[in-house]
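Asker: Pasting in a structure now, in structure tokens, and then I'll have a few things to ask.
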Amino acid sequence: MTIQRMDNVLIVVNDLDAVISFFVELGMELEGKAPVEGRWVERVIGIDDVRQDIAMLRTPDGHGRIELAMFHTPKAISPEPTDAPANTLGIRRVMFAVDDIEDVVARLRTHGAELVGEVVQYEDIYRLCYVRGPEGIIVGLAEQLS
């Protein structure tokens with residue numbers, strides 16, 4: 001048996017509304033937002049006394065989703081360093097295909113985003129960059145040229 005699809009990626013945040021606004025500006029659609037608590041979630045994630053708010057966002061094509069979680073109890077734990085470089089172990093970024101990389105970067109800057117490096121061209125195929133958004137979340141952007 002094989003997997004059916006990748007359902008979503010979870011990002012734990014402190015400011016749920018700011019991160020939702022960032023991803024909506026990127027072009028994702030908010031599916032919903034709700035509180036989550038109770039024994040069932042405690043059993044799934046292996047943490048007791050969980051109370052959190054979650055939001056689910058999807059890409060316009062409906063195939064990709066990001067789940068955001070803001071923990072009220074227990075409080076979220078911050079990683080070190082806060083703005084980890086690209087060679088830090090673990091998930092470092094989420095990459096999105098975009099139509100106009102310059103336009104997307106400009107719009108995300110209004111939500112506090114900054115380029116991690118610079119916009120570069122890979123052969124005659126892509127223009128690429130990494131953007132650090134709210135709470136240090138790194139988003140990769142890829143504009144196909146051909």
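Asker: Condition (residue is under 13 Å from the mean Cα position of the chain (by Cα) and of a type in the set (Lys, Arg)) applied to segment 36-59: is it met by at least one residue?
Answerer: So far as segment 36-59 goes, yes, one or more of its residues are under 13 Å from the mean Cα position of the chain (by Cα) and of a type in the set (Lys, Arg).
Asker: Then there is this: Based on what the data block shows, is Glu37 surrounded by 13 or more Cβ atoms within 10 Å (Cβ to Cβ) and over 21 Å from Glu135 (Cβ atoms)? Can you show your working first?
Answerer: Values: surrounded by 13 or more Cβ atoms within 10 Å (Cβ to Cβ): yes; over 21 Å from Glu135 (Cβ atoms): yes.
When the stated conditions are applied, Glu37 passes them.
Asker: Residues of segment 135-146 being closer than 13 Å to Val94 by Cβ and assigned to a loop (DSSP other than H, G, I, E, B), which ones?
Answerer: Ile137
Asker: Follow-up. Can you tell which of Gly117, Gly112, Gly64 is in the same structural domain as Gly140 (by TED's automatic domain parsing), out of contact with any helix residue (DSSP H, G or I) (no Cβ under 9 Å at 6 or more places or on another chain) and among the small types (Gly, Ala, Ser)?
Answerer: Details: Gly112 fails: out of contact with any helix residue (DSSP H, G or I) (no Cβ under 9 Å at 6 or more places or on another chain); Gly64 fails: in the same structural domain as Gly140 (by TED's automatic domain parsing).
Step by step, each of Gly117, Gly112, Gly64 is checked, and only Gly117 is in the same structural domain as Gly140 (by TED's automatic domain parsing), out of contact with any helix residue (DSSP H, G or I) (no Cβ under 9 Å at 6 or more places or on another chain) and among the small types (Gly, Ala, Ser).
Asker: State all residues of segment 98-134 that are surrounded by fewer than 14 Cβ atoms within 10 Å (Cβ to Cβ) and either touching a residue at least 40 places away in the same chain (Cβ under 8 Å) or not in a strand (DSSP E or B) (or both); if no residue qualifies, say none. Explain how you work it out, then say what you get.
Answerer: The initial filter retains those residues of segment 98-134 that are surrounded by fewer than 14 Cβ atoms within 10 Å (Cβ to Cβ), namely 99-100, 102-103, 106, 110, 112, 114, 117-118, 120-125.
Within segment 98-134, Asp99, Asp100, Glu102, Asp103, Ala106, Thr110, Gly112, Gly117, Glu118, Glu123, Asp124, Ile125 qualify.
Asker: Taking segment 50-97 only, how many residues are part of a loop (DSSP other than H, G, I, E, B) and of a type in the set (Phe, Trp, Tyr)?
Answerer: The number of residues fulfilling the criteria is 0.
The values are calculated or read from the model by the stated rules, or taken from the named source; none is laboratory data. On a predicted model such as this, the values are computed, not experimentally measured, just so you know. Neighbour counts are summed over all protein chains in view; Cβ atoms, including those assigned to glycine, are modelled from backbone coordinates with ideal geometry.
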